[in-house]
Each structure stands twice: as structure tokens, then as C-alpha cells.
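Working notes for the structure below.
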């Protein structure tokens, strides 16, 4: 049975599971694997909402929101939403995102932002079903 929980410590989360998910999310890129220090930092960060789906002890899905204080409000940026290929089509992505939204509301977030590639059809459909509005904007990145 798959459970969804917020993680506040890296204990009980295997880095290999996280890197497997990230490789599936970013299969078109050659991003470096995440080190243990990243998992430790993000899991314990008070300005991050880190949610995982577990099947037994294995992490089979995850989503992260980073909270940013702005003048007059706190906003959240949703990142790295992914479900393992072996577990897709079971509603796990919905459960992860519902938990992210709930935790963000509890944290007083005013807006949640996320980006998603056009090719991620199921993910884009899910976000719209959950009430996210597609925005016409330019998305830029500077790589160092």
C-alpha cells in the first residue's frame, strides 16, 4: 500500500530512490546525481515542503515546494514532482499534489507556482484539475 507523507528528516529516505526518480523526471538532461547532503538539507529545511510517496520502504514518488518570503506574502515554488514509472496511473501524483497544496495552505502560502514541460501531458492535466491556471509567460534559465 502506498502512503504519502511529509518528510522533515532524511532518515528513512534512500538517496538511491530519490536519484532514480530524478533521472526519470530529467531523462532528457544529464543532471548530476544528488548527493546525500542535498537530501539532508532539503528534508530538514523549514522553508521547504518535501512530500514523498512510499510503497513499503521504497520512495516511489515525490514533490517539493520551496517557500519564499516576499513583501506582503509568502509564495511557493513546486519542483520535482515525479512518480516512478512502475507506479504511474495509480493516483499517486494526485495524492502528492493534494498534500503539497494542503501543506502550503497551512503554511500561509498566497500563491503556488510550478512549471511543467508540454510533453508531460498527464502532469499538466493533473495540475489544471487541481486548479492551477496555465499562465502565458516567458520562462528563462541561466546555466553556470
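The values are calculated or read from the model by the stated rules, or taken from the named source; none is laboratory data. The structure displayed is predicted, hence computed values, not measured ones. All Cβ positions, glycine included, derive from the backbone under ideal geometry; neighbour counts span all protein chains shown.
Any idea which of 125, 33 is surrounded by fewer than 14 Cβ atoms within 10 Å (Cβ to Cβ) and over 23 Å from residue 7 (Cβ atoms)? Break it down stepwise before answering.
On the way: 33 fails: over 23 Å from residue 7 (Cβ atoms).
Selected residue: 125, the only one of 125, 33 that is surrounded by fewer than 14 Cβ atoms within 10 Å (Cβ to Cβ) and over 23 Å from residue 7 (Cβ atoms).
Report every pair of residues separated by at least 6 positions or lying on different chains whose Cβ atoms are under 9 Å apart, first residue within the stretch 11-33 and at negative phi and in a loop (DSSP other than H, G, I, E, B), second exposed (fewer than 10 other Cβ atoms within 10 Å of the Cβ) and at pLDDT 90 or above.
Within 9 Å, the pairs are 14/57.
Applying the selection to the stretch 98-122, what residues are free of Cβ contacts under 8 Å to residues at least 24 places away in the same chain, exposed (fewer than 11 other Cβ atoms within 10 Å of the Cβ) and either part of a loop (DSSP other than H, G, I, E, B) or touching a helix residue (DSSP H, G or I) at 6+ places or on another chain (Cβ under 6 Å) (or both)?
117, 118, 119
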